[in-house]
Amino acid sequence: MPSIDPAPVKIDFTKYFSQESTGRKRSQLKELRPYFEIPGMISFGVGIPHPSTWPVNGMTLSVPFAGKSVYVPGYESRSPEDMLPLAPYSDPVKGDNLFPDLAGELQYSATYGTPHLLGWIKEHTQRIHAPPYEDWVNLCTAGNTDGVDAVMRAVFDRGDYMLVEEFAYPGLLSPAATLGIKCLGVPLDTDGLVPEALDEILTQWDEKERGGPRPKMLVLVPTCSNPAGVTIPVQRKREIYSICRKWDVLICEDDPYCFLQIRPNGADSPIVPSFLSLDTDGRVIRVDSFSKIVAPGSRLGWVTGHKTLVEKIMNTRESATQCPSGFSIAAIAAILRAWGSHEGFEKKYIPHISDIYSKRCLSMIDLLKKHVPAATVELPEPSGGMFLWIRLKIETHPSFPSEDPEVISKRVFQSMIDEKVLMAPSEFFKAPSISTWTKEEEAKRNFVRISFSLPPPEEMEEGCKRMGRALAKEWKL
């Protein structure tokens with residue numbers, strides 16, 4: 001038996017990597033990270049919630065083994081004295097689906113989810129969406145990313161095509177590519193995905209030419225989308241649904257921004273009806289999350305769909321995330337209960353969060369109008385969420401048409417970096433496409449994504465001033 005030589009042996013770790021890990025595609029948004037480190041940079045590039053919107057700003061944990069309770073600080077709360085008065089515990093009343101209890105939450109959970117929270121989610125789904133068929137069920141997930149990953153693994157094989165929006169979240173495109181799924185972008189306009197373009201792609205599908213069968217699913221973000229910030233009107237949703245029925249295509253409705261719609265009259269302004277609310281066939285798989293309405297670190301969400309589909313989605317989680325964190329389940333269930341369950345959630349808290357982001361959104365639009373030359377950009381009609389999709393008027397740039405639109409767009413991006421304002425260019429979100437555009441049409445398809453969710457008001461204004469200076473310099477105004 002040879003003894004172990006204390007001298008280290010160099011290992012070539014790359015020979016242990018799987019094909020999946022070797023071929024893993026990272027989100028292009030990661031390329032923005034070095035710019036964050038530049039001193040004085042104002043970032044409109046990151047789409048993360050503002051911590052002032054989080055409904056918890058501190059907590060205490062009773063730790064028997066340590067013989068004490070410990071305080072965990074939060075946003076603008078650095079001491080136990082900042083905590084609100086402790087309310088007495090009361091047992092759930094009859095009909096109350098929420099009864100958080102760490103004795104149960106910290107145990108392994110059923111894969112579909114903790115029964116009491118799952119019951120609340122089912123009631124919520126019925127109240128908000130009222131799916132028009134009977135055989136739908138819910139499945140708890142560890143957030144939207146986990147939910148969409150589960151859907152893709154349950155539905156697609158390597159080499160399959162998946163329809164997505166022309167400009168889509170890299171957090172969808174990158175993992176799809178890693179799984180060997182071929183994404184195909186469907187053109188967008190100011191109302192979202194274009195039904196006629198969807199129908200044309202499916203009608204003209206040639207398996208030999210495409211190297212695979214007609215796509216079996218469309219994945220889209222229908223509300224305040226990322227990156228385009230568009231909310232699809234209900235009539236267009238009906239048209240998209242009808243086309244998907246015609247070609248027997250499933251719809252994955254990835255909707256984390258659903259409750260961030262601009263609602264001028266608060267709770268009295270209805271949200272735009274969901275695809276799930278129109279789904280008579282059971283072809284919609286809806287993915288929801290608490291990430292944008294409670295906190296992204298909660299990693300808790302849910303999937304809704306026909307029981308046959310959801311069972312297969314659940315099977316993918318049994319050997320993966322298995323179940324969401326029990327701490328998150330207990331905390332969120334307690335928060336929902338403190339708000340007054342559905343009534344408080346729907347009529348008070350959600351309108352409150354929506355109002356915060358709506359004001360930020362409309363303020364950013366006003367600042368862009370004030371500081372950015374109208375000759376250089378086209379501003380969208382805002383619908384809410386966290387993003388504005390600003391079209392660069394490349395067709396009016398002094399270097400067009402002698403230079404390629406993409407070359408001009410890259411130079412515009414660098415000019416804004418030089419002015420120390422960061423936003424995400426549309427090339428980071430562009431899905432593979434079979435659409436063909438003339439040079440003039442391509443010049444009108446260059447955008448930047450601006451996130452207004454995080455910067456303080458003074459940075460929002462200064463950032464818009466810097467953007468205006470960069471664009472005025474580029475356009476020689």
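The values are calculated or read from the model by the stated rules, or taken from the named source; none is laboratory data. Quantities reported herein were computed from a predicted structural model and do not represent experimental measurements. Quick reminder, even Gly has a Cβ in these numbers, built from the backbone with ideal geometry, and neighbours come from all protein chains shown. Surface accessibility is based on the protein's heavy atoms, side chains included, excluding ligands, DNA and RNA. Shrake-Rupley method; radii C 1.70, N 1.55, O 1.52, S 1.80 Å.
Can you pull out the residues in the range 429-458 that are in contact (Cβ under 8 Å) with a residue 12 or more places away in the chain, out of contact with any Gly (no Cβ under 6 Å at 6 or more places or on another chain) and assigned to a loop (DSSP other than H, G, I, E, B)?
F429, P432, I434, S435, K444, R445, N446, F452, S453, L454, P455
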Query raised in the report: Which of the residues that make up the range 150-169 are in a strand (DSSP E or B) and either more than 24 Å from R449 (Cα to Cα) or of a type in the set (S, T, N, Q) (or both)?
Result: Y161
Query raised in the report: Would you say V137 is in a strand (DSSP E or B), touching an Asp or Glu at 6+ places or on another chain (Cβ under 9 Å), open to solvent by less than 60 Å² (accessible area, probe 1.4 Å) and under 25 Å from F259 (Cβ atoms)?
Result: yes
Report summary line: Counting only residues in the range 402-428 that are touching a residue at least 40 places away in the same chain (Cβ under 8 Å) and outside any helix (DSSP H, G or I), the one most open to solvent (accessible area, probe 1.4 Å) is identified as K420
Query raised in the report: Restricting attention to the range 346-371, and to residues there that are among the hydrophobic types (A, V, I, L, M, F, W, C) and surrounded by fewer than 21 Cβ atoms within 10 Å (Cβ to Cβ), which single residue is farthest from H129 (Cα to Cα)?
Result: L367
Query raised in the report: Which of the residues belonging to the range 147-178 are open to solvent by less than 20 Å² (accessible area, probe 1.4 Å) and more than 30 Å from W437 (Cβ to Cβ)?
Result: G147, A150, V151
Query raised in the report: Can you name every residue in the range 113-134 that is touching a strand residue (DSSP E or B) at 6+ places or on another chain (Cβ under 8 Å), open to solvent by 10 Å² or more (accessible area, probe 1.4 Å) and part of a helix (DSSP H, G or I)?
Result: L118, K122
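Every residue, every condition in (1) touching a residue at least 12 places away in the same chain (Cβ under 8 Å); (2) assigned by the TED database to the domain that holds V230; (3) not aliphatic (A, V, I, L, M), yes or no:
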residue: A331; (1), (2), (3): yes, yes, no
residue: L336; (1), (2), (3): yes, yes, no
residue: Y357; (1), (2), (3): yes, no, yes
residue: C361; (1), (2), (3): yes, no, yes
residue: V372; (1), (2), (3): yes, no, no
